[in-house]
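Data block below; observations after.
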Amino acid sequence: MKLEATTFRKAVREMDKSMLIRIGYKIKKFLLGKQGNDGIIFKLVVYGLLISIGFVYVYPILFMISQSFKSLDDLLDPTVQWLPKSLHMDNFFKAWVVLDFMKSFGASLLNSVLPALAQTISCALVGYGFAKFAFPGKNVMFALILMTFIIPVQVVMIPLFLLFQQYGMLGSPLPFVIPALFAGGIKSALFILIYTQFFRTIPKSLEESAQLDGAGALKTFFRIILPISVPAIVVVFLFSLVWHWNETYTTSLYLGDSMSTLPVMLQQFDLSFSQNYSSSQVSGQKVNINESIKLAGTVLIILPLLILYLFAQKWFVEVVDKTGITGE
Amino acid sequence: MRNFFAKRREMMTGYMFVSPWLIGFLLFMAWPIYFSLNLSFHKVIISSEGIKKTWLGWDNFKYAFLSDPKYLEELLTFIKSVIFMIPIIIVFAMLVALLINQPIRMKGFFRAIFFLPVVITSGQVVKELFAQGAAAAPIVERYGIVQYIQTNMDPSWGEPLLNIINQLIVILWYSGVQILIFLAGLQKVNTQIYEAASIDGASPWEIFWKITLPSIKPFILVNIIYTTVDLFTNSLNDVIELIKVHMFQIDTGFGYATSLAWIYFTVIFVLLLIVVAIFGRNDDYNPRQAGR
């Protein structure tokens with residue numbers, strides 16, 4: 001009897017031990033994972049890092065939005081950090097007036113949508129030419145395109161300024177639209193590259209069959225190739241739009257005083273603020289510029305882009321996947 | 001014979017498609033380049049009768065290097081800060097790309113977050129954020145890093161570094177495109193290699209250094225080039241602002257401004273050459289090709 005009991009106990013102990021080892025292994029697997037990157041600790045670290053870095057990353061935007069709603073009292077009150085005591089919309093009304101929002105918004109639209117459309121079409125044509133046809137001088141031309149990517153606009157800006165002046169195009173969107181029509185303008189090298197890489201992935205047989213059916217090269221391009229290239233087209237259009245929208249350096253040069261886009265208006269914010277509000281001192285209440293009003297103006301400027309990003313975010317982010325910009 | 005005609009036809013069609021670019025290049029690139037090179041050797045006065053040019057030889061360039069009180073200093077400061085910024089941006093972009101590439105939920109959300117600044121970073125908005133102090137990372141001030149740099153570093157290098165620390169977040173904002181490029185690179189690495197390595201007992205740390213890093217090496221080069229060009233051509237820096245100021249100054253004018261622009265371009269070009277010389281060598285073992 002006694003012997004049986006000891007063997008039984010021994011067996012139990014054995015079992016406990018192996019159970020413990022198995023549980024231990026399971027815990028280890030749970031915490032550290034099988035391959036080193038699927039355990040819970042690793043996951044926690046990854047999420048922790050992503051969330052904290054992500055927060056720091058959008059911190060300036062959050063700061064800007066929170067700040068723009070603050071009244072002067074909130075701004076001076078050290079206990080108010082993130083959430084203003086009241087949503088002070090007044091900043092936005094003032095910034096709206098100072099920016100002359102509707103007018104500059106129109107100017108911004110004009111100076112970004114038109115060049116973006118022109119660039120989207122012309123760069124598609126050129127990209128297709130480079131992707132699908134063999135002709136002498138192709139490599140030289142392609143090298144030249146890459147060259148134009150690294151030439152800063154300052155080098156060619158002055159001759160172009162004189163050229164546009166000569167033809168009376170300053171002060172209109174033409175200095176942006178016309179180069180864009182000829183596959184030039186802001187970052188066009190990048191767009192040609194995107195299109196070239198994208199068109200290369202389209203199988204040659206598609207065009208061949210279209211040609212057998214009697215379609216010419218142009219017809220093939222517009223009827224067959226473009227409809228299946230929507231991803232590349234959308235990506236190029238969005239980026240062209242955003243980059244033209246954000247451009248201030250050449251915009252203020254070419255447009256001068258006759259038209260001001262939103263970012264240019266932000267540049268002159270202090271000046272136009274005093275012009276708009278210095279007269280109101282007469283009526284007894286003094287309006288001082290403060291950072292909240294300025295940040296409200298900044299929010300107003302990036303708001304259209306934020307809304308666009310909200311809806312088209314998928315396209316912006318998939319630029320590399322969809323168009324294979326990195327090449328192989 | 002038929003083949004010859006077919007080839008000729010293809011050639012002509014090719015030229016037809018690229019002709020817009022060719023015309024645009026000649027009109028809005030080649031001619032302006034020639035013209036501005038020409039201007040940079042002249043004193044240019046623009047009056048109602050037209051452009052008056054006086055030949056100066058190398059005087060504009062000499063003036064820029066020897067007498068201009070600001071240009072060279074601004075340029076050097078900017079180059080120094082770029083030298084700090086590039087590694088920061090590249091390492092950060094790689095870190096974020098590695099994190100997002102892990103099997104996690106809400107991948108799309110995180111990608112969207114990290115790409116967001118690409119859409120809104122116009123020079124003006126960024127300047128505004130700098131001015132309001134929104135760009136400084138809140139953690140940095142606390143640990144005495146600033147004092148450490150001030151006491152231990154030569155001010156000619158310490159100043160640009162401090163500037164960068166003060167603007168750290170917004171500098172990181174310039175890594176959106178780079179993150180996507182790294183992600184694309186990471187996704188193209190054959191996953192079987194990772195599995196094989198971990199079966200052989202390699203730790204994630206070893207896998208990163210021996211497999212991941214070598215296989216995304218080409219993308220590092222692409223990213224460094226992109227970052228350099230991006231930093232030099234955005235309107236964040238004072239050098240190009242200075243060029244614009246000189247354009248409309250009567251005593252310097254367009255001629256001097258163009259020579260400043262040419263010096264600027266030469267600097268970018270030399271920097272890119274150095275980058276390609278250092279990172280462009282392709283003598284390493286590449287597991288991505290070996291895996292195929």
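Quick note: the coordinates plus some simple rules give every number you see, no bench work behind them. Note that the structure is predicted; figures quoted are calculated from it, not measured. Reconstructed Cβ throughout: ideal geometry from the backbone, glycine too, with neighbour counts over all protein chains shown.
Dipole magnitude for chain A: about 1720 debye, using +1 per Lys or Arg Cβ and -1 per Asp or Glu Cβ, origin at the Cα centre.
Between A:Phe149 and B:Asp238, what FRET efficiency follows from the Cβ-Cβ distance if R0 is 35 Å, with the result rounded to 0.05?
0.95
Based on alpha-carbon atoms, the Kirkwood radius and the radius of gyration of the range A:100-264 give Rg/Rh equal to 1.03. Residues considered: A:Asn91, A:Asn246, A:Asn139. Largest GNM mean-square fluctuation over chain A, using C-alpha springs under 10 Å, is found at A:Asn139. Taken over chain B, lysine pairs spaced eight or more positions apart, or on distinct chains, with alpha carbons under 14 Å apart number 6. Size descriptor for the range B:160-213, Kirkwood hydrodynamic radius: 13.6 Å (Cα pairs only, one decimal). Taken over chain B, the alpha-carbon convex hull comes to 248 cubic angstrom per residue. Across every direction, the projection of the convex hull enclosing the Cα atoms of the range A:117-164 has a mean area of 4.5 nm². Placing pseudo-labels 7 Å out from each Cα toward the beta carbon at A:Val97 and A:Ile40 gives an inter-label distance of 5.9 nm. Hydrophobic, long helices, defined as DSSP H runs whose alpha-carbon span along the helix axis is 15 Å or greater and whose mean Kyte-Doolittle value is at least -1.0, occur in chain B at B:2-25, B:71-101, B:107-120, B:155-166, B:176-187, B:217-233, B:253-279. The radius of gyration of the Cα set in the range B:1-102, together with its Dmax, comes out at 24.4, 68 angstrom. Measuring nothing but how far apart in sequence close Cα pairs (under 8 Å, 6+ apart) lie, relative to its length, chain B scores a relative contact order of 27 percent. Peptide A:261-274 has a mean shielding of 2, counted as Cβ atoms of other protein chains within 10 Å of each residue's Cβ. Remark: the range B:60-290 carries a charge dipole of roughly 620 debye about the Cα centre, counting +1 on each Lys and Arg Cβ and -1 on each Asp and Glu Cβ.
Which Cα, out of B:Leu242, B:Ile199, B:Leu129, lies furthest along the positive dipole direction of the range B:60-290 (beta carbon charges, K/R +1, D/E -1)? Comparing the listed Cα positions along the dipole, B:Ile199 ranks first.
What is the Cα radius of gyration of chain A over 2.2 N^0.38 Å, N being its residue count?
After normalising by residue count via 2.2 N^0.38 Å, the value is 1.53.
Taken about its Cα centre, the range A:120-243 carries a charge dipole of about 100 debye when Lys and Arg each add +1 at the Cβ and Asp and Glu each add -1 at the Cβ. Looking at chain A as a GNM with Cα springs under 10 Å, which of A:Thr120, A:Thr220, A:Thr250 has the largest mean-square fluctuation? Looking only at A:Thr120, A:Thr220, A:Thr250, the largest GNM fluctuation is found for A:Thr220.
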